[in-house]
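Encoded as structure tokens, the structure appears first; notes follow it.
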Amino acid sequence: MRQLRIALAVVFSVLMGMGAAPLQAFEGVPEGGVERETAEEEQLVELDTPEIPLTAEEVNALGSGDVDEAETLEEQAAVEAVEEEDLSAATLSETPLLEGVGGAVESTEAVEPAPLEDTASDESTGLEAQATSPSDTAKNSTKRAGKPTLRYGVHCQTYGDRAEVKGGAIAGTTGESKRLEALWIRVGGIPHTSGGITYRTHVQGTGWETSWAANGRRAGTSGQSKRVEAVQIKLTGTIAKKYDVWYRVHTQRYGWLGWTKNGKKAGTEGCSLRMEAIQIKLVSKGGAAPGKTTSPFKKNQRARMVIIGDSRSLETYATLYGERVWDAVAVVREDNAGNWWIGRYGGGYNWFANTGASCADEHVGRDTAVVILLGVNDLLNEWGREDPVLGSSDAAHYARLINRKAKQWRGCGAVVYYATVTPVGSRPGDDVFVSSSGKRVTNARIRKWNDKMRSLLSSNVTVLDTYSAIAKNYRASDSMHYDAATYRRLYEYVRSHVAS
């Protein structure tokens with residue numbers, strides 16, 4: 001061990017002396033004019049190596065050569081190996097390489113350090129971060145953040161919740177006549193961007209939802225068998241400054257409508273048409289639309305209805321909106337879609353002439369549709385007597401009043417519909433209703449009444465055949481008032497035909 005320490009001291013002495021020689025570190029001594037013995041002695045005195053302190057005895061040993069020659073050669077080889085490893089690790093381009101201890105010294109050319117690789121990553125720290133330029137850091141940060149991810153799903157008639165799809169894919173069905181009842185949308189992968197996505201739907205019988213759903217929450221309905229008819233979608237926060245959200249919908253009757261973006265309406269309104277599928281895509285701000293943008297939204301210009309009727313109207317309203325309303329004079333209610341419901345239980349011709357029509361006047365205007373659902377109570381109460389001509393004067397009274405009001409309402413820009421009296425009985429085949437006072441109404445009489453009204457109404461009035469619409473499929477527990485499913489079918493028929 002003593003000899004090894006002496007040998008290492010020699011090596012460091014030579015390195016210090018020869019490395020400085022080309023720079024003429026020894027003042028007053030010409031280059032190459034230093035004798036080895038003198039250089040070694042001077043270096044041994046000047047060397048400051050705390051890791052290998054030399055004792056006086058070791059210094060004397062060096063001067064006297066009191067070292068076993070074999071040991072010296074063996075240790076020299078070990079020193080060279082250590083030296084080679086240390087020099088390689090340190091990559092000292094300006095340090096001369098030694099051929100051997102005490103031998104000639106030959107300087108090598110300076111070696112350029114290899115360029116640092118771009119090591120920026122989520123784990124980058126210390127020197128790696130320092131080796132990356134600010135611009136590279138920004139690029140790598142963008143690369144890590146990437147484009148936001150988009151996922152969305154739908155609740156579909158018959159199938160229920162469908163698996164989520166990626167941006168641009170179709171959610172829902174086409175060619176199967178299945179309504180969408182709810183949908184949800186979410187974005188992710190935006191660690192350096194704030195904000196999210198919000199959306200709302202136009203729902204059958206409800207209209208536009210008053211609140212917007214956001215970031216994966218459900219918009220629409222569940223367990224109510226109500227169709228979604230239209231949708232609005234928009235981004236929020238800083239993500240809205242970097243991206244546009246484009247979307248289009250597939251609807252009953254029209255198929256795929258055009259693409260629209262950023263909160264605009266897509267689908268139909270006032271047409272009673274179901275949405276069946278949807279596509280959504282994120283596009284860089286100001287980028288091109290994913291496809292054609294013609295006609296993304298269709299609205300029935302006569303979507304707002306004014307419905308005048310008896311218990312059929314009010315029970316339909318109660319079924320749709322969960323509110324059964326009674327008023328001795330007239331019930332006047334506006335629903336979420338902007339339709340007005342005007343009615344009275346047991347209302348007939350006299351109520352219509354004296355109260356119902358005048359209540360409707362203030363709500364009738366351009367782009368409204370007046371729908372009259374009256375008649376069955378007249379068959380029972382006011383003109384319920386048997387007549388070979390079936391109340392020719394009765395139907396005439398009704399027709400004259402409706403024709404007069406239709407002309408007035410048409411002048412305000414409205415259209416007018418008369419809905420035929422619907423069947424009685426508990427179900428198809430049960431064709432008789434008997435009132436508590438013993439009065440009878442049969443479906444045969446109702447059909448004759450409807451035919452007579454068709455013949456007397458003017459061209460200003462469109463007849464809706466609501467009788468045939470439900471005659472083959474209805475239920476009425478008291479043979480007069482229907483179950484909820486029948487009232488819904490009745491409303492859907494009226495809504496869809498008014499829309500067309």
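The values are calculated or read from the model by the stated rules, or taken from the named source; none is laboratory data. The shown structure was predicted, so the numbers you read here are calculated from the model rather than taken from an experiment. Cβ: placed from backbone, ideal geometry, glycine included. Neighbour counts: every protein chain shown.
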Being among the β-branched types (V, I, T), under 30 Å from T319 (Cβ atoms) and either outside the structural domain of G338 (by TED's automatic domain parsing) or at pLDDT 95 or above (or both) narrows it down to one of T251, T238, T260, T293, so name that one.
-> T251
Looking only at the range 460-480, decide whether some residue is at pLDDT below 90 and over 19 Å from L373 (Cβ atoms).
-> yes
Output the number of residues of the range 220-268 satisfying the condition of being over 21 Å from P148 (Cα atoms) and in a strand (DSSP E or B).
-> 13
Across the range 193-219, what is the number of residues that are assigned to a strand (DSSP E or B) and more than 19 Å from S272 (Cα to Cα)?
-> 6
For the range 250-261, does any single residue satisfy the condition of being more than 16 Å from the chain's Cα centre (by Cα) and among the β-branched types (V, I, T)?
-> yes
Is it the case that G286 is more than 21 Å from T173 (Cβ to Cβ) and not polar (S, T, N, Q)?
-> yes
Residue list for the range 295-325, restricted to those being closer than 26 Å to Y487 by Cα, in a loop (DSSP other than H, G, I, E, B) and in contact with a Leu (Cβ under 8 Å, 6 or more places away or on another chain) | D310, R324, V325
Of the residues V332, V283, V371, which single one is at pLDDT below 95 and β-branched (V, I, T)?
-> V332
Would you be able to say whether some residue in the range 472-484 is part of a strand (DSSP E or B), touching a residue at least 12 places away in the same chain (Cβ under 8 Å) and surrounded by 15 or more Cβ atoms within 10 Å (Cβ to Cβ)?
-> yes
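Conditions (1) exposed (fewer than 14 other Cβ atoms within 10 Å of the Cβ); (2) of a type in the set (D, E, K, R), marked per residue:
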position: H250; (1), (2): no, no
position: A266; (1), (2): no, no
position: M275; (1), (2): no, no
position: K281; (1), (2): no, yes
position: G286; (1), (2): yes, no
position: A289; (1), (2): no, no
position: K299; (1), (2): no, yes
position: I308; (1), (2): no, no
position: R324; (1), (2): yes, yes
Check K439 against each of (1) without any contact (Cβ under 8 Å) to a residue 40 or more places away in the chain; (2) more than 41 Å from the chain's Cα centre (by Cα) and name the one condition it does not meet.
-> (1)
In this structure, is T462 of a type in the set (V, I, T), assigned by TED's automatic domain parsing to the domain that holds D335 and within 50 Å of the chain's Cα centre (by Cα)?
-> yes
Residue within the range 187-204 that is within 24 Å of C271 (Cα to Cα), in the same structural domain as G263 (by TED's automatic domain parsing), surrounded by fewer than 16 Cβ atoms within 10 Å (Cβ to Cβ) and not hydroxyl-bearing (S, T, Y) present = no
Only one residue in K452, K448, K407 is under 21 Å from H363 (Cβ atoms) and not in a loop (DSSP other than H, G, I, E, B). Which one?
-> K407
Within the range 383-396, of all residues that are out of contact with any Phe, Trp or Tyr (no Cβ under 6 Å at 6 or more places or on another chain) and in a helix (DSSP H, G or I), the one modelled with the highest pLDDT is A396
Among the numbered criteria (1) out of contact with any helix residue (DSSP H, G or I) (no Cβ under 9 Å at 6 or more places or on another chain); (2) in a helix (DSSP H, G or I); (3) of a type in the set (G, A, S), which single criterion is violated by A399?
-> (1)
Residue match in the range 425-435 (condition: basic (K, R) and farther than 25 Å from S358 by Cβ) = yes
Counting only residues that are in contact (Cβ under 8 Å) with a residue 40 or more places away in the chain and either farther than 17 Å from V154 by Cα or not in a strand (DSSP E or B) (or both), how many does the range 269-294 have?
-> 15
